[in-house]
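Notes to accompany the following structure.
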Amino acid sequence: MADAEGYRVPEVCKIVGISYRQLDYWARTGLVTPSVREAGGSGTQRLYSFRDLVQLKVIRKLIDAGISLQRVRKAIQFLQENMKTGPSGITLMSDGASIYACESEDEIIDLVKKGQAVFAIALDNVWDDLSSSLGQKKELARPGAARARGA
């Protein structure tokens with residue numbers, strides 16, 4: 001399914017469950033640009049990495065949950081800055097207005113106790129589901145816990 005170097009646009013759309021138009025818009029506006037290869041004119045295709053696919057899946061889940069594109073951009077910026085090799089136990093949660101990156105069960109419980117949690121996306125699960133559906137081995141090395149919040 002994947003090119004030797006990355007995933008082509010038609011495969012990305014199918015894997016993530018988005019239209020070509022959405023993917024193209026997100027690439028043109030810089031939400032998620034292909035990290036393997038940008039399109040370089042007629043006859044060339046964008047190539048996306050596995051990490052790009054994870055980010056695209058998270059974007060789709062956030063948008064499906066009703067999060068505004070402006071807030072999605074902040075969450076993805078956080079992921080791009082903090083998810084170098086893997087999701088490292090981060091759960092994205094929202095209270096409907098903000099997105100929080102929780103790194104421990106205590107942080108998740110605190111949000112739920114305050115009645116602030118509307119939804120949660122466990123990045124480990126997105127990573128693992130995508131990895132197994134593509135028949136790939138997930139990367140074993142995961143970065144240390146990042147301390148940023150309120151993406």
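Backbone amide hydrogens, once placed in the peptide plane, bring S94 within less than 5 Å of Y100, V118, F119, excluding anything fewer than 5 places away on its chain.
The peptide list 65-77, 17-29, 48-60, put in order of mean Cβ contacts within 10 Å with the highest first, becomes 48-60, 65-77, 17-29. Coupling constants for region 29-35 follow from the phi torsions by the Karplus curve (6.51 cos²θ - 1.76 cosθ + 1.60, θ = phi - 60°), and in residue order they are 8, x, 4, 9, 9, x, 8 Hz; glycine and proline get x.
Quick note: the coordinates plus some simple rules give every number you see, no bench work behind them. These numbers were taken from a predicted model, which means no experiment stands behind them. A quick note on method: Cβ atoms are made from the backbone with ideal geometry, for glycine too, and the neighbour counts reach across all protein chains shown.
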